[in-house]
1. Can you tell me which of Ala39, Ala66 is at pLDDT 90 or above, within 18 Å of Pro7 (Cβ to Cβ), touching a helix residue (DSSP H, G or I) at 6+ places or on another chain (Cβ under 7 Å) and surrounded by 12 or more Cβ atoms within 10 Å (Cβ to Cβ)?
2. So, of the residues in region 79-102 that are under 30 Å from Ile5 (Cα atoms) and at pLDDT 50 or above, which turns out to be nearest to the chain's Cα centre (by Cα)?
3. Arg109 fails exactly one of the following numbered conditions: (1) farther than 19 Å from Ala10 by Cβ; (2) at pLDDT 80 or above; (3) among the basic types (Lys, Arg). What is the number of that condition?
4. So Asp61 ticks every box in (1) assigned to a helix (DSSP H, G or I); (2) loosely packed, with under 14 Cβ neighbours inside 10 Å but one. Which box is left unticked?
5. Provide a single number: the residues in region 12-24 that are surrounded by fewer than 17 Cβ atoms within 10 Å (Cβ to Cβ) and either modelled with pLDDT under 80 or β-branched (Val, Ile, Thr) (or both).
6. Considering only residues that are of a type in the set (Gly, Ala, Ser) and in contact (Cβ under 8 Å) with a residue 24 or more places away in the chain, look in region 42-55 and name the one that is surrounded by the most Cβ atoms within 10 Å (Cβ to Cβ).
Amino acid sequence: MTQPIGPQVASGEWIARLANLVHTIRPDWQEPGIRSALAKVADRPLLDVALAALAACRRIDQRTPAVIACDGDHWPKAQAQRTYTEPGIVTYCPHGEPGMRCTECYPRRPHSGTGPTPEQRAAMRAAIAAGKQATKGRETR
């Protein structure tokens, strides 16, 4: 089972910091009012409180920060704990290996790019030099 992210309560220190941030975003909300609203939900995880407070800042229909403490769309939905495992449907190759793990059915191909030969490099340099020479005469007008 995974550990929850961040502190599981919003302490006074974090309420003050978060209130300052919210006030910076919403200067029309007074900082003491923001701290009061945040204190009402301080028993919740800090991450949820921070997300809700910041989402509430988008609510231009709200004139006071009291909305932060109210239930609503600005609060993150409770998400089920997910554990990531192998996909539910797994196909096996004739050799009994799952998916594309079989090195016989899906051989690992090394990068075969060796780059241009010395002759090709010389031809490219000559073509670039010829192109520069051809455009040099056109630049003056």
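The values are calculated or read from the model by the stated rules, or taken from the named source; none is laboratory data. Everything numeric here is computed off the predicted structure, so don't read it as measured data. Neighbour counts run over all protein chains shown; Cβ positions are idealised from the backbone, glycine included.
1. Values: Ala66 fails: within 18 Å of Pro7 (Cβ to Cβ).
Within the list Ala39, Ala66, the selection yields Ala39.
2. Taking region 79-102 as the starting set, the residues that turn out to be under 30 Å from Ile5 (Cα atoms) are 79-88.
Going one step further and asking which of them are at pLDDT 50 or above, we end up with 85-88.
Working: Thr85: 21, Glu86: 23, Pro87: 23, Gly88: 26 Å.
Step by step, filter region 79-102, then rank; the result is Thr85.
3. Checking Arg109 against (1) farther than 19 Å from Ala10 by Cβ; (2) at pLDDT 80 or above; (3) among the basic types (Lys, Arg), the one that fails is (2).
4. The one condition Asp61 does not meet is (1).
5. Of the residues in region 12-24, the ones surrounded by fewer than 17 Cβ atoms within 10 Å (Cβ to Cβ) are 12-13, 16-17, 20-21, 24.
Of the ones still in play, those that are also either modelled with pLDDT under 80 or β-branched (Val, Ile, Thr) (or both) are 24.
Residues that pass the stated criteria total 1.
6. Going residue by residue through region 42-55, those that are of a type in the set (Gly, Ala, Ser) are 42, 50, 52-53, 55.
Restricting the remaining residues to those that are in contact (Cβ under 8 Å) with a residue 24 or more places away in the chain gives 42, 50, 52-53.
Values: Ala42: 16, Ala50: 19, Ala52: 24, Ala53: 27.
So, considering only residues that are of a type in the set (Gly, Ala, Ser) and in contact (Cβ under 8 Å) with a residue 24 or more places away in the chain, the one surrounded by the most Cβ atoms within 10 Å (Cβ to Cβ) is Ala53.
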